[in-house]
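In what follows, a structure is listed as structure tokens, so that the remarks can point back to it.
Every number here is computed from the coordinates shown, using simple stated rules; none is lab data. Note that this is a predicted model, so its numbers are computed, not measured. We place every Cβ from the backbone using ideal geometry, glycine too, and count neighbours over all the protein chains shown.
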Amino acid sequence: MTDFAAIDFETANRNPSSVCSVGVVIVRGGEVVERIYRLIRPCPNYYDYWNTRVHGLTRQDTDDAAIFPDVWRYIAPLIGDLPLVAHNSPFDEACLKAVFRTYQMDYPDYLFYCTCRASRRIFGKQLPNHQLQTVAARCGFDLANHHHALADAEACAWIARRIL
């Protein structure tokens with residue numbers, strides 16, 4: 001795959017609409033042409049202890065951030081009609097659909113590909129698991145800042161260029 005947008009969301013709580021950060025890596029012709037990272041004021045706007053423990057973000061980090069529609073107005077034209085790629089795409093796709101519903105936005109039926117599923121198909125039992133950091137390492141990418149939305153999107157883009 002040479003043209004796509006790798007995407008990763010982090011959420012503030014168990015609600016899939018509670019996106020609090022997004023990372024997007026645009027790949028064209030097999031080369032990264034754009035990296036985007038934005039904090040987002042989540043809806044609902046509260047943080048669960050476990051979510052913060054995973055990604056380190058708190059309400060103080062996002063209280064002054066833009067809401068999702070404002071962030072997406074910037075990102076959507078960069079994505080255009082590119083397919084979206086995520087590691088464990090059902091999670092990121094569910095987040096995107098939920099936040100579109102929350103803000104009553106028309107969802108453009110993005111086509112999603114999953115690097116986790118592809119990893120299971122390609123590497124099978126060669127790997128101890130198919131978590132993002134494991135697959136990234138197998139593909140030669142050092143994921144030093146796991147659960148930072150942009151770092152995870154960059155790892156996903158790296159994987160996708162090698163196995164999709």
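Per residue, the convex hull spanned by the Cα atoms of the chain amounts to 104 cubic angstrom.
Across region 83-106, the residues whose backbone nitrogen lies under 20 Å from the label position 7 Å along the beta-carbon direction of Arg14 are 90-99, 102.
Based solely on its DSSP helices, what 222 nm [θ] is calculated for the chain when runs of n ≥ 4 H residues each add -39,500 (n - 2.57) and the sum is averaged over all residues, nearest 500 deg cm²/dmol? Write down the numbers at each step before the final one.
Working: 7 runs with 68 residues, N = 164.
Mean residue ellipticity at 222 nm (helix-derived): -12000 deg cm²/dmol.
Computed from the Kirkwood radius of its Cα pairs, the Stokes-Einstein diffusion coefficient for region 42-138 at 4 °C and 1.567 mPa s stands at 82 µm²/s. Once the chain from Asn88 to Trp50 is taken as fully extended at 0.36 nm per residue, the excess over their C-alpha distance is 11.8 nm. Under the membrane-span-like helix rule (DSSP H runs whose alpha carbons stretch at least 24 Å along the helix axis, mean Kyte-Doolittle hydropathy 0.0 or higher), the chain yields none. The residue list Leu82, Gly140, Thr58 was ranked by how far each Cα lies along the charge dipole of region 54-147 toward its positive end, using unit charges on Cβ atoms, and Gly140 comes out on top.
For region 113-164, compute Rh as the Kirkwood radius over C-alpha pairs and then the Stokes-Einstein diffusion coefficient at 37 °C and 0.692 mPa s; write the answer in µm²/s, rounded to an integer. Can you show the working numbers first?
On the way: Rh = 10.7 Å.
Taking Rh from Cα pairs, D becomes 306 µm²/s.
Taking 0.36 nm per residue of sequence separation and removing the Cα-Cα distance, the Ile67/Glu31 pair yields an extension gain of 10.0 nm.
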